[in-house]
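The values are calculated or read from the model by the stated rules, or taken from the named source; none is laboratory data. What you are looking at is a predicted structure, and each value in this text was computed from that prediction instead of being measured. Please note: Cβ atoms are built from the backbone with ideal geometry, for glycine as well, and neighbour counts cover all protein chains shown. Heavy atoms of the whole protein, side chains included, go into the accessibility calculation; ligands, DNA and RNA do not. Shrake-Rupley method; radii C 1.70, N 1.55, O 1.52, S 1.80 Å.
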Amino acid sequence: MSDIILQTEFPDIPLLKRGKVRDIYDIDDHLLIIATDRVSAFDVVLPDGIPGKGRVLTQISLCWFQYMVDIIQHHIVASNVADFPTKVKKYADILEGRSMLVKKANPLPIECVVRGYLSGSGWKQYNEGGSICGIRLPKGLVNSSKLQEPIFTPSTKADEGHDINITFKEAENTVGRELAGNLRDVSLRIYGKARDHAEKKGIIIADTKFEFGLYNDILIVIDELLTPDSSRFWSLKDYMPGKSQDSYDKQIIRDYLLTLDWDQTYPAPSLPEEIIDKTAQRYKEILEILTA
């Protein structure tokens with residue numbers, strides 16, 4: 001399998017952070033964010049990569065960032081390597097299509113999650129107490145139910161392990177009342193516009209999470225936007241409430257790993273080539289649908 005970038009090494013550029021998927025470098029007044037082909041499951045980075053995954057995440061994000069500029073500005077400075085600083089252009093073969101030169105924003109310490117459907121941790125919370133992040137929901141909802149209105153359900157931002165869902169009051173205590181209100185309102189607006197656009201292409205955006213930062217005291221959206229790694233995409237024509245839906249992401253990998261005798265701690269097992277190929281195809285498919 002070719003075209004897999006698991007890790008970048010640029011000895012003449014300071015590495016700022018290596019996340020589960022992204023490598024971030026410090027370049028003077030900007031950051032260079034590279035989406036690798038690493039993949040994680042159950043918060044553990046797997047030994048195998050998914051061919052082309054980093055490019056899919058980057059290209060989808062770039063489209064959404066531009067599509068949302070009437071709602072909020074983004075952190076992108078350049079995405080074409082030809083427009084990058086001279087000292088990084090020599091790495092063009094690695095960077096092309098999977099990297100972004102971005103503003104150095106001050107990231108806010110909460111994840112901004114919007115849910116239009118009941119799934120994942122939201123479905124689990126609803127089952128336990130009939131509410132999500134302090135928001136009381138109607139009785140009788142089932143797995144994958146469409147909510148009457150999208151809801152804002154913030155969470156903590158964890159570098160390792162799981163993010164923890166919090167109430168809006170807790171978000172206010174973390175970032176301040178006014179900023180928390182702005183984050184909620186802009187998150188719901190982004191989701192609403194994305195949902196309407198995706199539905200025209202036969203895709204349901206069940207839920208998604210956004211990251212925001214302050215740049216010169218102005219709120220901007222950062223990191224990635226509405227990708228298969230940050231969102232749950234379902235087929236509109238195949239949607240059937242009452243069960244889990246087939247999603248355009250790494251669900252294939254999670255399902256496979258659940259068949260193994262693995263305790264979901266490091267180190268993770270290797271993936272069969274068939275699972276890798278199916279996952280790569282799934283990522284490629286949602287890119288083609290959303291950006292056609």
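Tell me which aspartates and glutamates have Cα within less than 16 Å of K87's Cα, excluding those fewer than 8 residues away on the same chain?
Excluding near neighbours in sequence, the set is E9, D12, D26, D28, D29, E96.
How much net charge surrounds W234 when only other residues with a Cβ under 14 Å from its Cβ are counted (Lys, Arg +1; Asp, Glu -1)? The partial results should precede the final answer.
Details: positive: R115, K146, R195, K201, R232, K237, K243, R282; negative: E199, D207, D238, D246, D249, E285.
Here the charged neighbours net out to +2.
Taking R0 as 41 Å, what FRET efficiency do you get between K169 and K201 from their Cβ-Cβ distance, rounded to the nearest 0.05? Before the final figure, lay out the partial values.
Working: r = 37 Å, r/R0 = 0.89.
Between K169 and K201 the formula returns 0.65.
At 7 Å along Cα-to-Cβ for each site, give me the label-to-label distance between A292 and L15 in nm.
Taking the simple label geometry, A292 and L15 are separated by 3.9 nm.
So, in Å, what gap is there between the alpha-carbon centers of the stretch 52-91 and the stretch 221-251?
22
Using r as the Cβ-Cβ distance of E274 and S235, and R0 as 22 Å, what FRET efficiency do you calculate, to the nearest 0.05? All intermediate terms of the calculation are to be shown ahead of the outcome.
Values: r = 22 Å, r/R0 = 0.98.
With a Förster radius of 22 Å, E is 0.55.
What whole-number value in Å² describes the accessible area per residue of the chain for a 1.4 Å probe?
Values: 13900 Å² over 292 residues.
Here the residues of the chain average 48 Å² of exposed surface.
I'd like the carbon and sulfur percentage of the solvent accessible area for the stretch 1-42, probe radius 1.4 Å, heavy atoms only, ligands and nucleic acids excluded. Present the calculation step by step, with values, prior to reporting the outcome.
Numbers: 1040 of 1970 Å².
Within the stretch 1-42, the accessible surface is 53 percent carbon and sulfur.
State the percentage of accessible surface on the stretch 200-246 attributable to carbon and sulfur atoms; use a 1.4 Å probe and exclude ligands, DNA and RNA. Don't skip to the answer; put the middle values down first.
Working: 1020 of 2080 Å².
The value for the stretch 200-246 is 49 percent carbon and sulfur by accessible area.
So how far apart, in nm, are the two label points at R254 and E149 if each is 7 Å from Cα heading toward Cβ?
2.8
If the chain between A82 and N182 were fully stretched, how many nm would it gain, using 0.36 nm times the residue separation less the Cα-Cα distance? Show your work: numbers first, answer last.
Working: separation 100, 0.36 × 100 = 36.00 nm, distance 3.55 nm.
Taking 0.36 nm per residue and subtracting the Cα distance, the gain is 32.4 nm.
Any of K169/K201; K104/K250; K20/K278; K124/K284 with alpha carbons more than 25 Å apart? Name them for me. Mind showing how you got there, number by number?
Working: K169/K201 36 Å; K104/K250 30 Å; K20/K278 21 Å; K124/K284 30 Å.
Pairs exceeding the cut-off: K169/K201; K104/K250; K124/K284.
Take peptides 268-274, 53-59 and line them up by average Cβ neighbours within 10 Å, highest first, as a rough protection proxy.
On the way: 268-274: 14.0, 53-59: 24.4.
Averaged packing, sorted descending, gives the order 53-59, 268-274.
Would you calculate the separation in nanometres between label points at Y67 and D263, each defined as 7 Å from the Cα along the Cα-to-beta-carbon direction?
If labels sit at Y67 and D263, their model points lie 4.3 nm apart.
Calculate the dipole size of the stretch 57-137 relative to its Cα centre from +1 charges on Lys and Arg beta carbons and -1 charges on Asp and Glu beta carbons; express the result in debye to the nearest 20.
Details: 9 positive and 6 negative charges, 41 e Å.
That gives the stretch 57-137 a dipole magnitude of about 200 debye.
Please give me, ordered by residue number, the trypsin sites (Lys or Arg not before Pro) of the stretch 161-214 that lie in loop per DSSP and have at most 14 other Cβ atoms within 10 Å. Please report the intermediate quantities before stating the final value.
Working: sites: K169, R177, R184, R189, K193, R195, K200, K201, K209; in loops: K201.
Those satisfying the criteria are K201.
Ignoring ligands, DNA and RNA, what percent of the 1.4 Å accessible area of the stretch 75-158 is carbon and sulfur?
Values: 1920 of 3790 Å².
That fraction is 51 percent.
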